[in-house]
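For reference, the structure is listed below as structure tokens.
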Amino acid sequence: MPDWQSSLSSSARGGTPGQPPTSSGSFSFANARAEWARLHAGFVYIGIVSILLGPLLPYLARRWSLSDSQAGFLFTAQYSGNVLGNLLTGLLLPQLGSSRVMGISFLIFALGFSFLGTGPWTLACLLIFLYGIALGLCVPTSNLRATQLPSASTANALSLLNSFWGIGAVLCPFLVAALLPSLGLRGLAASLAAVALIFSGLHFARPVNTRVPTTRLPGRSPGAWLAQLRHVSAVPLLLLFFLYVGVESALGGWVAAYEKRMPGVESSAWALAPVVFYCFLLIGRGFTAVALRRQSQGAVSWGGLLCAVAGAAIVAYSHIPFLLYTGTAIAGFGLAPQYPLYVTWFAETFREDANWLGALYFGGAALGGAVLPWLVGIIAAHTNSLRTGLILPVAVTGVMVTLSLRARPRAVPA
């Protein structure tokens, strides 16, 4: 789950770029509780929408007779929109404030889902790109807003907030299985649009008590960017961001389609593999904190990656559902600690420069989600074998083991 903004903001001790810090005393207890409730509920919705394509993919492929390459491009549409949304956040948040940006993002969700399923797959790509923009807007804005709300511990509060994304991701396949047969794609999309409109209204209804300054952070010259990227950890860490999100999206997105193609699995049956994957990803995030008390960050990362390689290999070479579920569980558990650790390494390596370098690293992460799942589909289409396509995440995870050895934090000289 992309929670980079939470980590950087908490490490900066409440300094949100472009927005005034809000003290605990400026909110009543009731107002703070209401806003936390909106953010938590919104993150459940965001978790559902973020992985929606995976459980829907078998249905969409049948509906529009898509090749694996065309089906994989749907992920590219979503994550390309995510990249654009991340960039727009930096422009809109200082001008409009968190409430208005959140309200706009949920309006974009409503617009994208209102017309999903009304035309050919090319229109669907455009609409998925649209709600990808909404994802890119609301995730960073929610995390940044959370750093300004009163809490006993900002880090723990943000960790709890982002865990609600995992709850939504686990619920998503169940919702698709329950609603798609009875409502169809249009009914499911309309339901998501209606919920988005409710969230949009709640955020627009929140009064803005302070004026948001319109000052922008100073720009950085190309030389400053290159100087940071010459650091020994910079490029390996950038590649890890790119590859991790790509691997998670590829496995989480394609395992449902892979399960439906196994002998004895009915096309009408709901897919269990995505549930297993995201459930163990969520469980693994919880165990990460325990593991870090006994082991170093590097050991936890390498051990998890080796576990993920084994799980992804089992997924690729499985021929019965039981092996597929076993592989997705192992892969999800092994991938769980990676992204939080990479965010930590990023913040520790670049310190105060992490604020302006974040656009590169976390934009690269979203780009990985756009590229790798599509490549899996292209390979599967050319070889007429989804199993062959799923070997790509296995190989990429193996490369990540080597990269993690060079990406451990080594602070840039002041």
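Brief remarks on what is shown
- Only one of LEU116, LEU93 that is in a helix (DSSP H, G or I) and either in the same structural domain as VAL275 (by TED's automatic domain parsing) or among the hydrophobic types (A, V, I, L, M, F, W, C) (or both): LEU93
- Residue check for ILE330: modelled with pLDDT of 95 or more, in the same structural domain as LEU281 (by TED's automatic domain parsing) and either outside any helix (DSSP H, G or I) or within 25 Å of ALA289 (Cβ to Cβ) (or both): yes
- Taking the range 261-294 as the range and being over 12 Å from PRO340 (Cβ atoms), modelled with pLDDT under 85 and more than 22 Å from the chain's Cα centre (by Cα) as the test, the residues that pass are PRO263, GLY264, VAL265, GLU266, SER267, SER268, ALA269, TRP270, VAL290, ARG293.
- Sole residue being under 16 Å from the mean Cα position of the chain (by Cα), modelled with pLDDT of 90 or more and assigned to a helix (DSSP H, G or I), chosen from GLY72, GLY54, GLY81: GLY81
- Verdict on ILE378 being modelled with pLDDT of 85 or more and closer than 22 Å to GLY72 by Cα: yes
- Test: residue in the range 84-91 that is aliphatic (A, V, I, L, M) and buried (at least 21 other Cβ atoms within 10 Å of the Cβ): no
- A single member of LEU367, LEU375, LEU405 is out of contact with any helix residue (DSSP H, G or I) (no Cβ under 7 Å at 6 or more places or on another chain) and in a helix (DSSP H, G or I), and it is LEU405.
- For the range 84-115, a tally of residues being within 21 Å of the chain's Cα centre (by Cα) and under 20 Å from LEU66 (Cβ atoms) returns 2.
- Every residue from the range 305-323 that is surrounded by fewer than 23 Cβ atoms within 10 Å (Cβ to Cβ), within 19 Å of VAL396 (Cα to Cα) and of a type outside the set (Val, Ile, Thr): LEU306, CYS307, ALA310, ALA313, ALA316, TYR317, SER318
The values are calculated or read from the model by the stated rules, or taken from the named source; none is laboratory data. Remember, it's a predicted structure, so these values are computed and weren't measured experimentally. So basically every Cβ, Gly included, is an ideal-geometry build from the backbone, and we count neighbours across all protein chains shown.
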